[in-house]
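The values are calculated or read from the model by the stated rules, or taken from the named source; none is laboratory data. Because the structure is a prediction, the values reported are computed rather than measured. Cβ sites come from the backbone with ideal geometry, for glycine too, and all protein chains shown count toward neighbours. The area values use the complete protein model at the heavy-atom level, side chains included, leaving out ligands, DNA and RNA. Shrake-Rupley method; radii C 1.70, N 1.55, O 1.52, S 1.80 Å.
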There are 2 protein chains.
Amino acid sequence: MKAPFELDARLAADSVPVADLALSTVRLMKDANYPWLLVVPKKAGAVELIDLDCDERAVLVEEIATVSEVLKAVTGCDKLNVAALGNVVAQLHVHVIARFATDAAWPGPVWNKVPALAYAEGALEALAARLADTLPGTAAVAR
Amino acid sequence: MKAPFELDARLAADSVPVADLALSTVRLMKDANYPWLLVVPKKAGAVELIDLDCDERAVLVEEIATVSEVLKAVTGCDKLNVAALGNVVAQLHVHVIARFATDAAWPGPVWNKVPALAYAEGALEALAARLADTLPGTAAVAR
């Protein structure tokens, strides 16, 4: 029997749900330093991009593109950063991060630069809902 | 008239050619700390993944997968890191990096961690040639 997909406990703790896409679940990181989404393919056991098959990769890259367009439209960011690293949390997850030339880590990558900054009360959920509303044809899970 | 693609001068200076794929040119970074490839779509003016159209993205993700398989096979790495950041060099380029639990930046990302380490004489070109030979059906440009 195929094991069901279960979101990694650390990814779950560090983020809130935004929406479910065909392949991936989308989460917003609890870090007000950067509008920062995770795109997590719901495939049990996947660690590397090459653990997805060709069809799944084609879906994933379009979901990354859709999420990127929405994040850019909602935030008006200067640059997008897209990355699948997974050195700490093995479960395959793609970071899609809105970067600003004024942000805490610019022009470096965001990881291990400054501690996560809490959103003001309600702001995390409000941004997650706004992103979910802007994602075309998704089942929003943020409300 | 459409401007021809020209590799960014900094990317060119920091790397050597490995192979040309249908969409992307593949380069090996001059940093012996990590076997580190760049996959650069040959589309003039592209900065973000979403500057490629849907068909181009589908090709790119398969080229990333092919390059990842080859890099993993040749290096026996513990983990692959795949990232399109572009905060410093705007031209769209995807890092595909072989990571080891013993490397200089593990488990952090590689950027801005330790200075680039020169390869021993001939080792950079030898690795580039080996990667090119392992890439299926490519026009090797490393020799």
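If you place +1 on the Cβ of every Lys and Arg, -1 on the Cβ of every Asp and Glu, and leave all else neutral, what size is the dipole of chain B about its Cα centre, to the nearest 20 Debye? Numbers along the way, then the final one.
Details: 13 positive and 18 negative charges, 49 e Å.
In total the dipole reaches around 240 debye.
Rounded to whole Å, the principal axis extents of the Cα atoms in chain A read 47, 31, 25, largest first. Extent of the protein assembly as shown along its three principal axes (Cα atoms, max minus min coordinate, largest first): 57, 53, 36 Å.
Counting only other chain Cβ atoms within 10 Å of each residue's Cβ, the peptide A:60-67 averages 4.
Near A:LYS79, the amide H atoms lying under 5 Å from its own belong to A:ARG99; only residues 5 or more places off or on other chains count, and H is placed 1.01 Å from N.
Taking a probe of 1.4 Å, how large is the accessible area per residue of chain B, in Å²? Mind dumping the intermediate values first?
Details: 6360 Å² over 143 residues.
Accessible area per residue: 44 Å².
Residue by residue along A:43-50, Cβ atoms of other protein chains within 10 Å of the local Cβ number 3 on average. Computed from point charges on the beta carbon alone (+1 for Lys and Arg, -1 for Asp and Glu), the dipole magnitude for the protein assembly as shown about its Cα centre is near 440 Debye.
Which value, in Å to one decimal place, does the Kirkwood hydrodynamic radius take for segment A:1-80 when every pair of different Cα atoms is included?
Working: mean 1/r = 0.0735 Å⁻¹.
Its Kirkwood hydrodynamic radius stands at 13.6 Å.
When +1 charges are put on Lys and Arg Cβ atoms and -1 charges on Asp and Glu Cβ atoms, the dipole computed for segment B:54-117 relative to its Cα centre reaches about 320 debye. Dividing the summed helix terms, -39500 (n - 2.57) for each DSSP H run of n ≥ 4, by the number of residues in chain B produces a 222 nm estimate of -8500 deg cm²/dmol to the nearest 500. Using a 1.4 Å probe over the heavy atoms of the protein chains, calculate the carbon and sulfur portion of the accessible area of segment B:77-138 as a whole percent. Exposed carbon and sulfur together represent 56 percent of the surface. In straight-distance terms, cross-link reach from B:LYS2 covers every one of the lysines whose alpha-carbon lies under 28 Å from its own, apart from those fewer than eight places away in the same chain; here that gives A:LYS72, A:LYS79, B:LYS42, B:LYS43.
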